[in-house]
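> Okay, here's the structure, questions in a sec.
The values are calculated or read from the model by the stated rules, or taken from the named source; none is laboratory data. The structure presented is a predicted model; accordingly, all values stated were derived computationally and were not measured. Virtual Cβ from ideal backbone geometry, glycine too; neighbours counted across all protein chains shown. The accessibility values were calculated without ligands, DNA or RNA, using every heavy atom of the protein model including side chains. Shrake-Rupley method; radii C 1.70, N 1.55, O 1.52, S 1.80 Å.
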Amino acid sequence: MNNLKSTILITGGAGFIGSNFIHYYMKQHPHVNLLNIDKLTYAGSMENLIEVEGKDNYQFIHGDITHESLLNNIFRNYDIKGVIHFAAESHVDRSIKDSRAFIESNVLGTMTLLQAAREDWEKKGELSNRRFYQISTDEVYGTLGAEGKFTEQTPYNPRNPYSASKAGANLLVRSFGYTYGMNVVISSSSNNFGPRQHLEKLIPTIISNALAGTQIPIYGDGENVRDWLYVEDHCRALEVIYHHGQSLETYNVGGSNERTNIVIAEQICGILDSLKPELRKRLNLNSFKDLIRFTEDRKGHDRRYAVDDSKLKSELGWKPKEDFDTGLQKTVEWYVNQWNLQPNR
Ligand SMILES: NC(=O)c1ccc[n+]([C@@H]2O[C@H](COP(=O)([O-])OP(=O)(O)OC[C@H]3O[C@@H](n4cnc5c(N)ncnc54)[C@H](O)[C@@H]3O)[C@@H](O)[C@H]2O)c1
């Protein structure tokens with residue numbers, strides 16, 4: 001990779017959304033260099049990046065965004081024109097068990113990255129031109145009742161350690177914009193789904209447990225509502241916000257697909273009933289739905305999230321392309337193909 005060419009630093013690009021973004025962005029912008037730094041925690045996987053490895057305009061650095069000297073070296077050695085910051089501990093359940101890693105990577109890591117970018121861009125007189133883009137979540141806004149949606153003006157009210165760490169990081173990002181005049185932008189998206197997501201998250205858990213013939217755990221009464229965004233639609237939003245979003249602004253990104261967890265589980269089981277009828281018979285099931293079990297609710301489980309993303313649509317012209325049903329079908333097929341590739345299937 002030519003270090004002097006325009007380079008975007010991607011953090012956390014071996015994870016779910018980051019790797020999908022790298023694939024998407026490299027297709028759209030084949031002449032831009034992407035430098036991906038990832039710690040490869042349990043959540044990151046080099047397999048997510050096999051298709052881009054070895055390409056001239058892509059490079060991977062195995063590293064931790066809390067390491068100041070590593071980041072300073074990166075900014076010294078490459079001409080980083082922008083940062084798209086995905087790296088984070090991202091699983092709410094893990095943050096409830098132990099939040100330390102969340103504060104380290106999500107808060108301290110974001111601050112370390114901001115600091116390294118600021119120092120380099122300030123020296124080059126580029127602080128207001130180069131862009132720092134913070135990828136965030138609708139969970140920073142808290143929880144909703146049956147009505148209403150979060151707007152960009154909704155005050156932050158995070159209710160679990162993961163969302164608190166993301167809200168803290170967002171505030172730091174904004175503060176660098178106000179204090180130093182750094183060009184920063186934030187987006188807060190709803191729940192993503194699609195290929196390459198870690199098996200611990202809701203949709204992959206439902207699919208993988210069904211394929212393994214084990215119980216499919218659904219928290220509480222299954223009536224918690226999330227708005228689902230197909231990951232490639234999110235990638236399109238990220239591209240447009242990175243290039244055209246206004247500095248110091250936040251953009252909500254939604255999928256307009258509010259579903260309860262139980263409805264999602266049943267729909268996935270229905271798809272699997274038609275994709276894997278032999279397996280269903282072998283497991284002695286009338287339907288994969290027979291595997292669904294309600295479990296003790298998550299502590300502090302937010303009831304409903306939904307975002308108003310009219311600002312992104314009206315100001316930047318984005319709209320999702322994927323229909324929820326076709327996106328879910330493609331997602332289930334992707335996991336089934338991965339499962340079929342495993343030995344002894
Ligand atoms: N998945 C969603 O539905 C969703 C929705 C809204 C926002 N987000 C945000 O999008 C971003 C990406 O989410 P995801 O679902 O792809 O997460 P993920 O857990 O799949 O991936 C996170 C990646 O970050 C890396 N990482 C973690 N700590 C690191 C550190 N200290 N230094 C370097 N790399 C580190 C991991 O190795 C992993 O590859 C996160 O910031 C998350 O808060 C996710």
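> Name the pairs: first residue in the range 307-332 and free of Cβ contacts under 8 Å to residues at least 40 places away in the same chain, second residue surrounded by fewer than 13 Cβ atoms within 10 Å (Cβ to Cβ), Cβ to Cβ under 6 Å, at least 6 apart or on different chains?
Here the result reads Lys313/Lys319, each pair linking the range 307-332 to a residue that is surrounded by fewer than 13 Cβ atoms within 10 Å (Cβ to Cβ).
> Can I ask one more? Say we look at the range 48-68 and pick out the residues that are open to solvent by 50 Å² or more (accessible area, probe 1.4 Å) and in a loop (DSSP other than H, G, I, E, B); which of these is farthest from the ligand (Cβ to nearest atom)?
Asp56
> Moving on to the next point. For the condition modelled with pLDDT of 95 or more and open to solvent by 40 Å² or more (accessible area, probe 1.4 Å), what is the one hit in Glu89, Glu147, Glu152, Glu122? Steps first, answer last, please.
Working: Glu89 fails: open to solvent by 40 Å² or more (accessible area, probe 1.4 Å); Glu147 fails: modelled with pLDDT of 95 or more; Glu152 fails: open to solvent by 40 Å² or more (accessible area, probe 1.4 Å).
Testing whether each residue is modelled with pLDDT of 95 or more and open to solvent by 40 Å² or more (accessible area, probe 1.4 Å) leaves just Glu122.
Here's the yes/no breakdown for (1) open to solvent by less than 70 Å² (accessible area, probe 1.4 Å); (2) at pLDDT below 95:
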residue	(1), (2)
Leu285	yes, no
Arg304	yes, yes
Glu315	no, no
Asn337	no, no
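A quick yes/no check of all residues on (1) more than 9 Å from the ligand (Cβ to nearest atom); (2) part of a helix (DSSP H, G or I):
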position	(1), (2)
Ile22	yes, yes
Met26	yes, yes
Leu34	yes, no
Gly44	no, no
Asn106	no, yes
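> Quick one: how many residues across the range 227-278 are among the basic types (Lys, Arg) and open to solvent by less than 20 Å² (accessible area, probe 1.4 Å)? Steps first, please.
Step one: of the range 227-278, the residues among the basic types (Lys, Arg) are 236, 259, 276.
If we keep only those that are open to solvent by less than 20 Å² (accessible area, probe 1.4 Å) too, we end up with none.
Residues that pass the stated criteria total 0.
> Same structure again: Name the residue that is farthest from the ligand (Cβ to nearest atom), counting only residues in the range 177-197 that are farther than 21 Å from Gly254 by Cα and open to solvent by 10 Å² or more (accessible area, probe 1.4 Å). Give the derivation first.
Of the residues in the range 177-197, the ones farther than 21 Å from Gly254 by Cα are 177-183.
Keeping just the survivors that are open to solvent by 10 Å² or more (accessible area, probe 1.4 Å) gives 178-181, 183.
Values: Tyr178: 22, Thr179: 22, Tyr180: 22, Gly181: 24, Asn183: 19 Å.
For the range 177-197, the residue satisfying everything is Gly181.
> Now, a different point. I'd like to know if the range 72-94 contains one or more residues that are more than 8 Å from the ligand (Cβ to nearest atom), under 26 Å from Ala167 (Cβ atoms) and of a type in the set (Lys, Arg).
Yes, the range 72-94 contains a residue that is more than 8 Å from the ligand (Cβ to nearest atom), under 26 Å from Ala167 (Cβ atoms) and of a type in the set (Lys, Arg).
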